[in-house]
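To keep things clear, I will list the structure first and then write my remarks on it.
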Amino acid sequence: MITYTGLNGFLQTPVLAAFFIFLLPIIIFPFVMVLGKKFGSFKKYAGIVVTSGIFISFILAFYIYSLNTDFYFYSTWFNNFTWGVYIDPLSVAMAMMVSGVSFLIHMFAIGYIGKDPNKHVYFAETSLFTGGMLGVVLSANMVMFFLFWELVGLCSYLLIGFWWHKPNAASAAKKAFIVTRVGDVLLILGLAVLYWSFLPVISSSITNDPLSVYNIINYASVVMKQPDGQFYLALAGALVLGGAAGKSAQFPLHVWIPDAMEGPTTVSALIHAATMVTAGIYLVARIYPVYVYASPWAGYLVLYIGAFTAFLAGTMGLVMNDIKRILAYSTISQLGYMLAALGLGFVAINYISGNTIGISIYHLIVHAFLKALLFLSAGAILYALLDTRDIRKMGGLWKKMPITITAMFIGALTLVGFPPTAGYFSKDEIISLSYFVFNQNPYVLYAWLLLLIGAFLTTLYTFRMFFTVALGKPKSYAAEHAKDPPWVMIIPMIILSILSLIYGIFQSGFYSYFSSMFSGQSYSGTVSFSIPLYIEILPFLLVLLGIYIAWIFYGSHRLSSEKVAKGSGSLYRLVKAKYYLDFLFTNIIAERVIVFVAIVISLFDKYVIDGIVNGIGTIANLGSQAFRKAQTGIVQNYAAMVILGLLVFLIIGKILGVF
C-alpha cells in the first residue's frame, strides 16, 4: 500500500480524484439549493446537474479502480486524529456501486419527480445524501467516517420526510432518525473502546491516530495480545455492531425501514440499494480484523443477528400488502445474509483460510442492482397508478406495462436466486458457506437452517407480490389504464435488468479483486470451499417450491390465502403485528418507561436541584432583610458598632495570645 501525507501527497492525482468522488456531490448541494430558490427556471435543470455530478463521481471511482493500486492519504486534523482517504478493494468496490447505482436512480428520478414543485430541493438533498455515503466508504479515519455517517442519517431524515405535509411521512422521518440514533450511541461507545484499546500499541505506526483505518487493520493483532485484549476487541465489535444494526436495519433496530416507505419511491431505492442501509455492512467489513482477533462470542453475535434477521424479515414480508413494504422487508432479510456472511468468517477463522468480505460485498452489490431495479419498477407502477401501493388493487399489469413488469420479473428472479441470475451466485454462496462452516462447527447449525428457510420465505413473498401485481385482471380503474413510464425512467430499469442477469459471470473476478486485502495475514483472500451437490442444490429446490406454492395461491388461485390466514389464527396476527415490536418500543419503552423516567428526572430537577439553588437564594434574601434593619443612617449607631467590633477583635486577640 502506498502512503501519502502532507500537501505534496494531497496534490497527487489519485488522491485528488479520491477526494472529489465524495466532495463533488456535496459541493453541488448548496448550488442547486440556492439557484433553484432564486431562479425558478433553474428547477427543471436541477436533476440533470445532480445526475451529471454523480456520473462524474462514478467516472472518478472507475479511474481509481483502473489504477489497481491501494493507497492511504492522511494528514493531521486535531489532537492525534487524522483525516484522509483509504483506498483498497473494499472502498473502491463500494464507491463504484454507490455512485453507479445512484446515477441510475437519479436518472429515473428526473422523470419520476419532475412535476414536483420542490424538485430542486429533492435533487440537492439526494446529491448530499450520495456524497455523504461516498464519504463513509472512503474515509481513512473513524471520526471522519462518523461525521459522514451522521450526514447520511440527516439526509435520510430530510428525504423520508420530503413530503412533510403528509403526517405519515413526517412521522416516519422522525422514527427513522430516532431509531438510528440509538444505534449511533452504541457506535460512539464502540469507537471509544477502540480508541483506548489501540492507543497504547500504535507507537511504531506511521500515524499515532488510534482510530485510523490503517491502524485498526494492522494493529488489531497487537491489541489481542494485551491483557484482556480479546475482550475489549469483542466489546468494541459488539457496540459497533449496534451502530451497524441501526443503519442496516438488523434486529431489533429494523423497525424504522417499513415506515420509511412514506418518502418518494426513488428515495426508497437510494436508501435500500445505494446508500444508507449498506453503510452498516460496510462498517463491519471495514473493521474485519477487530472481530477476527476478538473473543469468539462477538463473531457469533454478528452471525446470529444476521441469520435471525434474514428469517424474521422473511416472515413479515409474507403478510404485507403495500408493495414498497414488501420490498422493504426483503431488504432487511438480504442485509441479514450479508451480515451473516461476515459472521461466518469470524467464527470459522481457525479452520478456514481467507475471509468472507468478498462473499458478503458481492451479495451487497448484486442486491444493489436487483433492489434498485425492483424499487424503480415499483416506482413506475406507482407513477402509472397514481401512487396506489396496495398490491390487491393492481393485477394484470404485465399486459398494461410490459417493459416495467418484465424488469420486475427479472428483479424477482434475481432476488430469489434463480439461476443463472446474479442472485443465484451471491445468495446461494452464503447458504452453502454456512453449511460448510456448520460441518466444522456444530454451533452454526441454526444459522444454516435460518438462512435456508429464509431463502424459501424470500421466494414465497416475492412471487406472491409478483403474481398479484402482474397476472389476472386489473382490480382498479388506475390499473386498467396503466402504461409504461417515459424512456428516461425505462432506460435505468433496462440497465439494471442486464446487470442483474449477467453479473454472476463476474463472481470469480470479483473474489480475485478482493484477494489482495490483508496481504500476509492468514485471512487474506476469499474463502474457498466445497460441499455435497445435494446440499448445494437445496436452496434452488426451495426456490422452485416457493414459486409453485405462490402460483397455487396467487397465480392460479386454486387455494385461498385468506383461509390459510384465518386458519393460522394467532400466528398470523402475531406476524401481521410485526411481532409487536412497534408496540413494545412505542407503547411500553417510549410512552411508559422513558416518559416515566423523564417525569422522575423532571421532578428531581424541579424540587431537588432547583430547590437547593432557590433555597440558597431564599436564605440570602432573608439574611439581607435582617441586616437591612441595621442600616439606620444615624452616625452615632455606626460609631457604636465600630467600637463594639473593635472590642470584640481585641478580646479575641487577647484570648488567642496575639496581643
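Identify all residues within region 164-177 that are without any contact (Cβ under 8 Å) to a residue 60 or more places away in the chain and over 16 Å from W149 (Cβ atoms); write none if there are none. Matches in region 164-177: W164, H165, P167, A170, K174. For region 452-461, does any single residue satisfy the condition of being exposed (fewer than 15 other Cβ atoms within 10 Å of the Cβ), among the hydrophobic types (A, V, I, L, M, F, W, C) and at pLDDT 95 or above? Checking region 452-461: not a single residue is exposed (fewer than 15 other Cβ atoms within 10 Å of the Cβ), among the hydrophobic types (A, V, I, L, M, F, W, C) and at pLDDT 95 or above. Put simply, of G645, G633, G615 the only residue that is out of contact with any strand residue (DSSP E or B) (no Cβ under 7 Å at 6 or more places or on another chain), free of Cβ contacts under 8 Å to residues at least 12 places away in the same chain and on the phi > 0 side of the Ramachandran plot is G633.
Rundown of residues vs (1) out of contact with any strand residue (DSSP E or B) (no Cβ under 8 Å at 6 or more places or on another chain); (2) without any contact (Cβ under 8 Å) to a residue 40 or more places away in the chain; (3) over 17 Å from T468 (Cα atoms); (4) in a helix (DSSP H, G or I), yes/no style:
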| site | (1), (2), (3), (4) |
| --- | --- |
| T331 | yes, no, yes, yes |
| L339 | yes, no, yes, yes |
| Y351 | yes, no, yes, no |
| I359 | no, no, yes, yes |
| H363 | yes, no, yes, yes |
| F369 | yes, no, yes, yes |
| Y424 | yes, no, yes, yes |
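Screening D116, D184 for residues that are out of contact with any strand residue (DSSP E or B) (no Cβ under 6 Å at 6 or more places or on another chain) and part of a loop (DSSP other than H, G, I, E, B) leaves exactly one candidate, D116. Would you be able to say whether some residue in region 193-212 is over 24 Å from A313 (Cα atoms), among the small types (G, A, S), buried (at least 24 other Cβ atoms within 10 Å of the Cβ) and free of Cβ contacts under 8 Å to residues at least 40 places away in the same chain? Scanning region 193-212, I find at least one residue that is over 24 Å from A313 (Cα atoms), among the small types (G, A, S), buried (at least 24 other Cβ atoms within 10 Å of the Cβ) and free of Cβ contacts under 8 Å to residues at least 40 places away in the same chain, so the answer is yes.
Here F529 does not fit the description of being in a helix (DSSP H, G or I) and either surrounded by 11 or more Cβ atoms within 10 Å (Cβ to Cβ) or not charged (D, E, K, R) (or both). Just to be sure, is L501 touching a residue at least 40 places away in the same chain (Cβ under 8 Å), open to solvent by 60 Å² or more (accessible area, probe 1.4 Å) and in a helix (DSSP H, G or I)? So L501 passes the test.
Scanning region 401-418 for residues that are in contact with a helix residue (DSSP H, G or I) (Cβ under 7 Å, 6 or more places away or on another chain) and either open to solvent by 30 Å² or more (accessible area, probe 1.4 Å) or hydrophobic (A, V, I, L, M, F, W, C) (or both) turns up M401, I403, I405, A407, M408, F409, I410, A412, L415, V416, F418.
Selection within region 146-174: residues that are of a type in the set (F, W, Y) and under 20 Å from I27 (Cβ atoms). The member of this set that is surrounded by the most Cβ atoms within 10 Å (Cβ to Cβ) is W149. Between L647, L581, the distinction of being in a helix (DSSP H, G or I) and touching a His at 6+ places or on another chain (Cβ under 9 Å) belongs to L581 only. Residue-level check: of (1) in contact with a helix residue (DSSP H, G or I) (Cβ under 8 Å, 6 or more places away or on another chain); (2) surrounded by fewer than 22 Cβ atoms within 10 Å (Cβ to Cβ); (3) farther than 22 Å from Y304 by Cα, F466 misses just (2). Checked against the criterion of being modelled with pLDDT of 95 or more, open to solvent by 10 Å² or more (accessible area, probe 1.4 Å) and either small (G, A, S) or closer than 22 Å to T356 by Cα (or both), the candidates F251, F308 yield just one match: F308.
Flag not set for F10, criterion: in contact with a Gly (Cβ under 7 Å, 6 or more places away or on another chain) and in contact (Cβ under 8 Å) with a residue 40 or more places away in the chain. Taking K576, is it over 34 Å from the mean Cα position of the chain (by Cα), of a type in the set (D, E, K, R) and surrounded by fewer than 16 Cβ atoms within 10 Å (Cβ to Cβ)? Taking the combined requirement at face value, the residue does not satisfy it. Among residues of region 66-90 that are over 24 Å from H363 (Cα atoms) and part of a strand (DSSP E or B), those with a Cβ under 7 angstrom from a residue that is open to solvent by 70 Å² or more (accessible area, probe 1.4 Å) and not hydroxyl-bearing (S, T, Y), sequence gap 6+ or separate chain, pair up as F71/M1; F71/I2; Y72/M1; S75/W83; W83/W77.
Quick one: which of T309, T315 is among the β-branched types (V, I, T), within 19 Å of the chain's Cα centre (by Cα) and in a helix (DSSP H, G or I)? So the residue among T309, T315 that is among the β-branched types (V, I, T), within 19 Å of the chain's Cα centre (by Cα) and in a helix (DSSP H, G or I) is T309. Restricting attention to region 381-401, the residues being touching an Asp or Glu at 6+ places or on another chain (Cβ under 7 Å) and more than 24 Å from S556 (Cα to Cα) number 0. If the condition is being surrounded by fewer than 10 Cβ atoms within 10 Å (Cβ to Cβ) and either at pLDDT 85 or above or assigned to a helix (DSSP H, G or I) (or both), then region 623-641 contributes S624, Q625, A626, F627, R628, V635, Q636. Taking the criterion of being within 21 Å of S330 (Cβ to Cβ), open to solvent by 20 Å² or more (accessible area, probe 1.4 Å) and not hydrophobic (A, V, I, L, M, F, W, C), the only residue of region 427-451 that qualifies is E429.
The values are calculated or read from the model by the stated rules, or taken from the named source; none is laboratory data. All values derive from a computational prediction rather than experimental measurement. Positions of Cβ are backbone-derived with ideal geometry, glycine not excepted, and every protein chain shown enters the neighbour counts. In case anyone asks, the SASA skips ligands and DNA or RNA and just uses the protein heavy atoms, side chains included. Shrake-Rupley method; radii C 1.70, N 1.55, O 1.52, S 1.80 Å.
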